[in-house]
Amino acid sequence: MAEPRIRALALCVFQHNGRILVNEFRDPVSQQTCFRPIGGGIDFGETSAEAIVREVQEELGQSITDLRLLGTLENLFIYNGKPGHEIVQVYDASFTDPSVYTHAQIKGHESDGAPFTVRWHDSSSFSEQAPLVPKGLGDLLKSAGLLD
């Protein structure tokens, strides 16, 4: 069994007309629906900003600009019945291609090839039963003026 470890992540919030771009997923054990922005692990030797640029390109095939660090969150959680611990650098950015903002949903692919779809959601989509994760992200986005 692998040694538990803290995972370094970078997430990017894309905001448009009071909505943010998030992936909706379900915990296989608890069956809880959650929402999370685009992003992923920071590779050794890579800055969190470089990780965001790479992740958005790999997952959505899009280039970004105006990258800005919003803050850092520490996330302790249970997913798929197992404890997790993440240090998350949260960024805001813009897509280089403005037509991306006209799409209600965007198809993407995880690094293992698994498909996913991101959609634009406003704050009314998130609740205790269907949270925006990681914990604290909603408050961070509200304080930055990116979410109502």
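For region 122-134, enumerate the residues that are closer than 17 Å to ASP92 by Cα and surrounded by fewer than 17 Cβ atoms within 10 Å (Cβ to Cβ). Give the derivation first.
Going through region 122-134, the residues closer than 17 Å to ASP92 by Cα turn out to be 122-123, 132-134.
Residues satisfying the conditions are ASP122, SER123.
Considering region 121-133, and only residues there that are of a type in the set (A, V, I, L, M, F, W, C) and part of a loop (DSSP other than H, G, I, E, B), the residue that is nearest to VAL13 (Cα to Cα) turns out to be VAL133.
Only residues that are of a type in the set (D, E, K, R) and surrounded by fewer than 11 Cβ atoms within 10 Å (Cβ to Cβ): list them for region 82-96, please. Walk me through how you get there before you give the answer.
So in region 82-96, the residues of a type in the set (D, E, K, R) come out as 82, 86, 92.
Once the filter is applied, which keeps residues that are of a type in the set (D, E, K, R) and surrounded by fewer than 11 Cβ atoms within 10 Å (Cβ to Cβ), region 82-96 yields only LYS82.
Only one of the numbered conditions (1) modelled with pLDDT under 95; (2) closer than 18 Å to GLY61 by Cβ is violated by GLU128, and that is (2). Picking from residues in region 66-81 that are in contact with a Pro (Cβ under 9 Å, 6 or more places away or on another chain) and surrounded by fewer than 12 Cβ atoms within 10 Å (Cβ to Cβ), the one that is nearest to GLY39 (Cα to Cα) is LEU76.
Considering every residue within region 54-66, establish whether at least one is modelled with pLDDT of 95 or more, part of a strand (DSSP E or B) and of a type in the set (Asp, Glu). Within region 54-66, one or more residues are modelled with pLDDT of 95 or more, part of a strand (DSSP E or B) and of a type in the set (Asp, Glu).
Tallying residues that are farther than 20 Å from ARG54 by Cα and touching a strand residue (DSSP E or B) at 6+ places or on another chain (Cβ under 6 Å) within region 89-118 yields 1.
Condition first: of a type in the set (Ser, Thr, Tyr) and closer than 24 Å to ALA144 by Cα. Now tell me which residues in region 69-109 satisfy that. The answer is THR72, TYR91, SER94, THR96, TYR101, THR102.
Taking the stated definitions as given, is VAL118 closer than 19 Å to ALA8 by Cα, in a strand (DSSP E or B) and within 13 Å of the chain's Cα centre (by Cα)? Quick ask: steps written out before the conclusion?
On the way: closer than 19 Å to ALA8 by Cα: no; in a strand (DSSP E or B): yes; within 13 Å of the chain's Cα centre (by Cα): yes.
No; evaluated as a whole, the condition is false for this residue.
Okay, residues lined up against (1) within 13 Å of the chain's Cα centre (by Cα); (2) without any contact (Cβ under 8 Å) to a residue 60 or more places away in the chain:
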residue: LEU67; (1), (2): no, yes
residue: TYR79; (1), (2): no, yes
residue: GLY84; (1), (2): no, no
residue: VAL90; (1), (2): yes, no
residue: SER94; (1), (2): no, no
residue: ASP97; (1), (2): no, yes
residue: THR102; (1), (2): no, yes
residue: GLN105; (1), (2): no, yes
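Among the residues of region 98-109, is any at pLDDT below 95, surrounded by fewer than 16 Cβ atoms within 10 Å (Cβ to Cβ), in contact with a helix residue (DSSP H, G or I) (Cβ under 7 Å, 6 or more places away or on another chain) and not β-branched (Val, Ile, Thr)? Yes; the residues of region 98-109 include at least one that is at pLDDT below 95, surrounded by fewer than 16 Cβ atoms within 10 Å (Cβ to Cβ), in contact with a helix residue (DSSP H, G or I) (Cβ under 7 Å, 6 or more places away or on another chain) and not β-branched (Val, Ile, Thr).
For GLY61, the conditions (1) within 20 Å of THR33 (Cα to Cα); (2) surrounded by fewer than 18 Cβ atoms within 10 Å (Cβ to Cβ) all hold with the exception of (1).
The values are calculated or read from the model by the stated rules, or taken from the named source; none is laboratory data. Model, not experiment: these values are computed from the prediction. Ideal geometry is used to build each Cβ from the backbone, glycine not excepted, and the neighbour counts take in all protein chains shown.
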